[in-house]
1. Can you list residues from other chains, or at least 5 along the same chain, whose modelled amide H is less than 5 Å from the amide H of Ser41?
2. Given H placed on each backbone N at 1.01 Å, which residues far from Phe71 in sequence or on other chains put an amide H within less than 5 Å of it?
3. Sort 20-27, 7-14 for me by packing, meaning the mean count of neighbouring Cβ atoms within 10 Å per residue, highest on top.
4. Would you kindly state how much longer the chain becomes between Ala57 and Leu6 on full extension, computed as 0.36 nm times their sequence separation minus their alpha carbon distance, in nm to one decimal?
5. Please list, in order along the stretch 51-62, the HN-Hα scalar couplings obtained from phi with the Karplus expression 6.51 cos²θ - 1.76 cosθ + 1.60 (θ = phi - 60°), rounded to whole Hz, x for Gly and Pro.
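Every number in this text was worked out from the coordinates using simple rules, so none of it is lab data. Computed from a predicted structure; not experimentally measured. Here the Cβ is made from the backbone with ideal geometry for all residues, glycine too, and neighbour counts use every protein chain on show.
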Amino acid sequence: MPNFLLDQLLPTLKDTELRVMLVVLRQTTGYNRDEKPVSISYRSLKEKTGRESAAIASALNSLADRRLIHFVARKQKSLIRNLRLDTVNPEEE
């Protein structure tokens, strides 16, 4: 788990943002797929975070605005593509 997530971001993340980040970390770093994009459906995020779609969408947008994740949503299949944690701490740039 990236140190900056716990040291710097934890105090500033809302509950759903943190839950989404943890799912992303599990799907990428947890499975040794740091460099590979992953696809996660809203249904899967709902199951893994315990949150509803509106809260997840808000968290994804907030995390993307903070440049912590990158994603491309495919509304037809309700998939999130290329969802991954940035490897660079955006606060150090």
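1. Ile80
2. For Phe71, no residues qualify.
3. Details: 20-27: 19.8, 7-14: 12.9.
My ranking of the peptides, most packed first, is 20-27, 7-14.
4. Computed gain between Ala57 and Leu6 is 16.1 nm.
5. For the stretch 51-62, the Karplus-derived couplings read 10, 8, 4, 4, 5, 5, 4, 4, 5, 4, 5, 5 Hz, x marking Gly and Pro.
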